[in-house]
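In what follows, a single structure is set out as structure tokens and then discussed.
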Amino acid sequence: MHNKPTAAGRICRAVIETLETRRLLADVIGGTILGRIGKTTPKAPNLYFEIRPAGRGAPRIDPKPILDGWKLLEATAIYRASGRNALYGDDADNFSVGQIFLLPKTLLQKRVLSDPRVDIYPAGRRDVKTGQIDIRVLRTMEYLAERGLRPTVTSLKSGHSLYTKSGNISEHSSGNAVDIAKVNGIPILGHQDKGGIAEQTIRALLFLQGTNRPHQIISLIKMGGPTMVLPDHADHIHVGFSPLFGENRKLGKQTLAILKPGQWNDLIGRLRAIENPTVRTKPSKYAILVPKAKRRAHLGD
């Protein structure tokens, strides 16, 4: 599958190995030519691209799955603001979205209430403080703030009717929904045009996945997925979630309380204390020896 490396390829590899040996870091601007690949066989020219994980004796591995994962994460920016590390913020004092999504509900409540970027009406703040708001709603508010979309919340649980205008029980009644009337101080009313603040907010919400994906995003804009258009939502965006455990609220409370706030720190400390596994670099005694002739034939396929 690979041709024999050319002189240029050998030079590139020698440079990389020299940097590895001397523990140097090299920043290379995109598009920089490191070498040229000649054609030594009838097959198309190619170049080996491998990485070596940290640790003595670690084998070289194909980096494509890792690079594909990074590319996907950067493209979706699900758990952090675009351009930021997935798990660490810009400095040690700030959490990234990835870290916020891992917080237990009690700590997340405190963060939402102390975040100046999230504006919540007084009764709604009491809903958050007393633990009546679903953790996914809390995450959504912090997620939007981290994406540079500061929400003004006008409805959580308190102050909303039990039934919707269509006669269904409102998701607000169980603390599973949030209404956003402004973003970055700009009213949703009159700004649901193409490219406007409402559309930007909805696009950001559509990046959420898994259990954090909203069941409903209601406004005057339809963009596929969970988005819906209702005429009485001209002045706000409704973001609602289905109950995680159906009618079994007791199970939901038990599941969300598996670890208490102090136990999260203990868990992280324990994970840090676990040593990295030893990766074998030589075949085990049970490995079946393949003759060199067959190995050469396989590499030439």
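Could you size up the charge dipole of segment 120-203 around its Cα centre, putting +1 on the beta carbon of Lys and Arg and -1 on that of Asp and Glu, and report it in debye to the nearest 20? List each step's numbers first, then the result.
Details: 12 positive and 8 negative charges, 28 e Å.
My answer is approximately 140 debye.
Ranked by Cβ crowding within 10 angstrom, fewest neighbours first, how are Thr140, Thr130, Thr32 ordered? Show your work: numbers first, answer last.
Numbers: Thr140 22, Thr130 12, Thr32 7.
Final ranking by Cβ density, sparse to dense: Thr32, Thr130, Thr140.
Measuring from label point to label point, each 7 Å out along Cα→Cβ, what is the Arg52 to Gln132 span in nm?
6.1 nm
Would you order Glu146, Glu199 from fewest to most other beta-carbon atoms within 10 Å of each residue's own beta-carbon? Each step should come with its number before you reach the end.
Working: Glu146 23, Glu199 17.
Ordered by Cβ neighbours within 10 Å, fewest first: Glu199, Glu146.
Where Lys and Arg each count +1 and Asp and Glu each count -1, what net charge lies around Leu144 among other residues with Cβ under 12 Å from its Cβ? Show your work: numbers first, answer last.
Details: positive: Arg117, Arg139, Arg147, Arg150, Lys182, Arg203; negative: Asp115, Asp119, Glu142, Glu146.
Net charge around Leu144: +2.
Which ordering of Ser219, Ser158 is given by a fewest-first count of other beta-carbon atoms within 10 Å?
On the way: Ser219 24, Ser158 16.
Going from sparsest to densest Cβ surroundings: Ser158, Ser219.
Provide the net charge surrounding Ser173, with neighbours chosen by a C-beta distance below 12 Å and charges set as Lys +1, Arg +1, Asp -1, Glu -1.
Details: positive: Lys157; negative: Asp127, Asp134, Glu171.
Net local charge, Ser173 excluded: -2.
Every number here is computed from the coordinates shown, using simple stated rules; none is lab data. Here the structure is a predicted model, which means the values were calculated and not measured. For neighbour counting, all protein chains shown are included, and Cβ atoms are generated from backbone atoms with ideal geometry for every residue, glycine included.
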